[in-house]
Amino acid sequence: MQTPKFPKGKPPFSVVLKERVGAYFAETQQKITGDHRLYWKAAILVLAFVALYVHLVFFTPAWYWAILECIVLGFAISAIGFNIMHDGSHGSFSNRPWVNTAAAFTLSVLGGSAFMWNNKHCIIHHTYTNVHDLDDDLDAGIFLRLSEHQKKYKMHSFQHYYFWFMYMQLYLFWILFSDYKKYFTRKIGDMPLKKMSVMDHILFWKFKVINLSLFAIIPIWMVGFTPWLIGFLVTTQIGGLVLSLVFQLAHTVEDTTFPLPDDANKMEDEWVVHQLKTTANFATKSKIVCWFVGGLNFQVEHHLFPKISHIHYPAISKIIKQACAEYGIVYNEYPRVYQAVASHVSHLRHLAKIS
Ligand SMILES: [Zn+2]
């Protein structure tokens, strides 16, 4: 398939941003990758995951404790995804490639394929953000209409009510269906999948078996089928909801746009401006939100500089915001989480009403 091209700005805004952000790292003499702050957080999250898993599976707490621990486990899994896997997949976790690979493969242990994520997220989503038919993040099958270019079905009239339930299913859908669909069709949406080496095939299946053992076979063996099923559903529903919401708040809100290529297959804006128009930040002043979502509340900075670790986003956001103001380029931001959620619901309601 012919992918659309982004025009070059005059002077390219990308050059302005790169120079200013580059100057910040030169002045402060910091690496663009993670540092002790990120490694401490990663250690805490992995430890929390292991402690919860071991307690739930091998020490079988009372049912009410078990439910509570499964809820916390859902949050811990999401946080590992945001903070360790996501930075690792972009190569920003560490300046050592093997550490990034290990961080990226936490996803495979948790059930999703690191190979598919690299294709879907790091390549397609980050290049063609919010472009209908290319950005796979907009594709929720027939269940949800996330952009005005998608076909409207009758049930979409109620999507601003039932989307919560659909988001809760994301994790299950991901590990049980969408990875396999990509694997067997060799496609992500309409885009062909990057060629898989023999090692990619082996790793894909090896980690699917590891995940099945960790999340189904061992727990069923230890606690029995019904308690496992309840715990598994609670954990995956919480994980699915948290993961979906955080990723959707960045691109499918009222202020973000959904540009299409023109008849000559050219996009209207240069790539960095396209990213600024299609992406939004939220709750950037909240240290707790920032810590938990791995800087994904600074999605503008992430989309402009995906190779820079999220621990630097609060600092470089000031530089980017200032440059956008000087050049009259939009910088989307919602001060609080509830405002971003309200905007996402309004966006879904708007798409439920228009044809
Ligand atoms: Zn990313």
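The values are calculated or read from the model by the stated rules, or taken from the named source; none is laboratory data. On a predicted model such as this, the values are computed, not experimentally measured, just so you know. Counting neighbours? That spans all protein chains shown, and the Cβs are built from the backbone with ideal geometry, glycine included.
Would you mention how many residues in the stretch 254-271 are within 24 Å of the chain's Cα centre (by Cα) and basic (Lys, Arg)? Of the residues in the stretch 254-271, 0 are within 24 Å of the chain's Cα centre (by Cα) and basic (Lys, Arg).
Results for (1) of a type outside the set (D, E, K, R); (2) over 17 Å from residue 72 (Cα atoms), shown as yes or no for each residue.
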position	(1), (2)
170	yes, yes
181	no, yes
205	yes, yes
216	yes, yes
237	yes, no
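Kindly indicate whether residue 77 is closer than 19 Å to residue 235 by Cα and either more than 16 Å from the ligand (Cβ to nearest atom) or free of Cβ contacts under 8 Å to residues at least 60 places away in the same chain (or both). When the stated conditions are applied, residue 77 passes them. Checking the stretch 89-102 against the condition returns no match, with no residue being among the aliphatic types (A, V, I, L, M), under 20 Å from residue 290 (Cβ atoms) and away from the ligand (no atom under 16 Å from the Cβ).
Scanning the stretch 89-120 for residues that are within 21 Å of residue 187 (Cα to Cα) and among the polar types (S, T, N, Q), we see that the one that is surrounded by the most Cβ atoms within 10 Å (Cβ to Cβ) is 113. Pairing residues of the stretch 135-158 that are touching a residue at least 60 places away in the same chain (Cβ under 8 Å) with residues that are surrounded by fewer than 13 Cβ atoms within 10 Å (Cβ to Cβ), at Cβ distances under 7 Å and at least 6 apart in sequence or on separate chains, gives 148/354; 152/355. For the stretch 128-139, the count of residues that are in a helix (DSSP H, G or I) and either charged (D, E, K, R) or modelled with pLDDT of 95 or more (or both) is nonzero. Going through the stretch 66-100 one residue at a time, which ones are farther than 22 Å from residue 246 by Cα and assigned to a loop (DSSP other than H, G, I, E, B)? Residues satisfying the conditions are 94, 95, 96. Within the span defined as the stretch 49-65, every residue fails to be within 16 Å of the ligand (Cβ to nearest atom) and assigned to a helix (DSSP H, G or I).
If you filter the stretch 126-140 down to residues that are surrounded by 23 or more Cβ atoms within 10 Å (Cβ to Cβ) and under 13 Å from the mean Cα position of the chain (by Cα), you find that the one that is farthest from the ligand (Cβ to nearest atom) is 138. Restricting attention to the stretch 2-47 and to residues that are among the basic types (Lys, Arg) and assigned to a loop (DSSP other than H, G, I, E, B), the residue that is surrounded by the fewest Cβ atoms within 10 Å (Cβ to Cβ) turns out to be 10. Note on the stretch 103-125: residues that are away from the ligand (no atom under 13 Å from the Cβ) and polar (S, T, N, Q) total 3. Look at residue 121 and say whether it is farther than 22 Å from residue 194 by Cβ and not acidic (Asp, Glu). No: the conditions fail for residue 121. Residues in the stretch 101-120 that are part of a loop (DSSP other than H, G, I, E, B) and touching a Lys or Arg at 6+ places or on another chain (Cβ under 9 Å): 111, 113. Comparison of 311, 329 shows that the only residue that is buried (at least 16 other Cβ atoms within 10 Å of the Cβ), within 16 Å of the ligand (Cβ to nearest atom), of a type in the set (A, V, I, L, M, F, W, C) and in contact (Cβ under 8 Å) with a residue 40 or more places away in the chain is 311.
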